[in-house]
Amino acid sequence: ICFVLAAYFASRQFRYAAKALRTTASAAGTDPDGSDASYWAPFLPDMSAVRDGFVAGLGAASINSVRRANQTATRSNATTGIDTRPTSTRPSIVAATEQQSSTFSSTTASTNPNPNLPTIALTEPFLKGGFRNQVMRFHALLLQAQSKNISQILLPSLRWGDGVGGGIAIPHQTLFDVEYWNTYYPALPKLVSYDYAQHYQWDNSSRLLNVSMENPTKPGAPIQFLEEDEEKCTHPYRGGGGVKAGVLWNFYKRYTKAMIDEKKPRDRLEVLAYQALRPSPLLRNTTRELMSHLPDAIKTGDYITLHARVEPDMQKHGGACGELKTFNLTRILGFVEDEFRDDPPAGVFMPLNKHLLVEDAKPEAKNPVAIENLAVLNRIERRGMWGNQGRVFELGTAALDNDPRFDGIRNTAGSVINFYLALASKAFIGTPVSTYSVDVWTVRFFQSKLNNYRYLPWGLEKIGNDTKREPEPYACSVSF
């Protein structure tokens, strides 16, 4: 009986989310932002691909645990009906007015917080690392919220960084579709806007918008909070560990290590997050604009993705898995041409940071590998592959160079675009030493796209071709 009830409630949740999606895209077959829904079909996640895993792994038990916590909070607040905040920490009228007019304040109904439910906020000024490393930290925050039975995350606290070495903090809603994410609630935490009466321990001013990557604040400092004592932070609760504390990264490493060493299954919350995190309307429209200049065969999906991680920063990258690395682009391209020689695609999408190659190919950099790889890349961009049957193209960061809308956020915005184009391709070839590649394999697996390879110094290997066994998690930085 319990199993039947679990399956019933889980299926109801999926039907609710699917209905919300159909309603959103029903107006004349378009997205809310006016783009063609049929055009975007290959780029959007397929919830049916994870339905069985959701029922078996997450199930109604987790949903009901959220509901029980919600009911408990509601009863508790309804019983007391008293503002228990210390007078010194209650927001003044002036401060409240300033906070209400903040850049991050949202008035859309989909992000309205439930005043009777607890909220968690990210303490870091923004997520750090490359795009997929930031996603790992974001997933760690989700798992923290789940462990504390917290079902709301403060949206203005979610800020992403622009690459490893610089840039400004990027509001979550600039990169990702918040309303779409919230259709997964309560299976996933709801992203909620700031409410000064509810989140009075949070500093919602704009002073942190331009914080630099090398923030001088001491490690662990919760610089967005008006209350520094973590035990007293309940409006909202603190998530993560503060500036440069490494709490989220180490949390995710332990989680991954348990999957590898103890064969623990991937948390179904993360599987749902793979489905729910889709690009914002801004990035979806930008991708459409960029793709419009490509041949029709590529626009309709006849392309493969090669994530050749041969940039100079990877040459200098330490860590494990050195025996799995190769930086010879000529050799990697040879492997790909041999594998697809009988049925070459119309296009080869190559997401890489060409700017880094250009810089390290200068004589003063003394990097002969970068010089050779840049020459090879320029040649195949002119001549294509398989005797000019397959056009090589880049998008992402390079394609955004002259777009002022992306000043200061170009690296991460480009990486998001590249990631979702990689998900939509006929086949994906990547490297096990890149979190980006491993995440593409994993998300494609949960979307039932199993034509995936990894390139190694000795050739290509097919991966993820077992519909019941997901690709191995990223294993090149799990040692302590």
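Worth a mention:
- Exclusive hit being surrounded by fewer than 18 Cβ atoms within 10 Å (Cβ to Cβ) and of a type in the set (Gly, Ala, Ser), set Gly408, Gly347: Gly408
- Arg444 assigned to a strand (DSSP E or B), touching a strand residue (DSSP E or B) at 6+ places or on another chain (Cβ under 7 Å) and at pLDDT below 95: no
- Test: residue in the stretch 265-279 that is within 26 Å of Gly414 (Cβ to Cβ), open to solvent by 30 Å² or more (accessible area, probe 1.4 Å) and modelled with pLDDT of 90 or more: no
- Tabulated pairs, the stretch 224-235, first open to solvent by 40 Å² or more (accessible area, probe 1.4 Å), second among the acidic types (Asp, Glu), C-beta under 8 angstrom, 6+ apart or interchain: Leu226/Asp203
- Scan the stretch 339-384 for residues that are touching a Lys or Arg at 6+ places or on another chain (Cβ under 8 Å), outside any loop (DSSP other than H, G, I, E, B) and not small (Gly, Ala, Ser) and the total you get is 3.
- Residue within the stretch 447-457 that is without any contact (Cβ under 8 Å) to a residue 40 or more places away in the chain, outside any helix (DSSP H, G or I) and under 22 Å from Glu311 (Cβ atoms) present: yes
- The set of residues in the stretch 119-135 that are open to solvent by less than 20 Å² (accessible area, probe 1.4 Å), within 9 Å of the chain's Cα centre (by Cα) and under 16 Å from Arg159 (Cβ atoms) comprises Phe131, Gln134, Val135.
- Qualifying residues in the stretch 412-441 (those that are of a type in the set (S, T, N, Q) and either at pLDDT below 90 or closer than 16 Å to Pro279 by Cα (or both)) - the one surrounded by the most Cβ atoms within 10 Å (Cβ to Cβ): Asn418
- Where a residue in the stretch 147-167 is closer than 15 Å to Ala187 by Cα and surrounded by fewer than 24 Cβ atoms within 10 Å (Cβ to Cβ) and its partner, wherever it lies, is of a type outside the set (Phe, Trp, Tyr) and modelled with pLDDT under 85, with Cβ under 6 Å and at least six apart: Asn149/Ala69
The values are calculated or read from the model by the stated rules, or taken from the named source; none is laboratory data. Predicted model, so just to flag it, every value in this text is computed and none were measured. Glycine also receives a Cβ, built like all others from the backbone with ideal geometry; neighbour counts cover every protein chain displayed. To get the accessible areas, we keep the full protein, side chains included, count just its heavy atoms, and leave off ligands, DNA and RNA. Shrake-Rupley method; radii C 1.70, N 1.55, O 1.52, S 1.80 Å.
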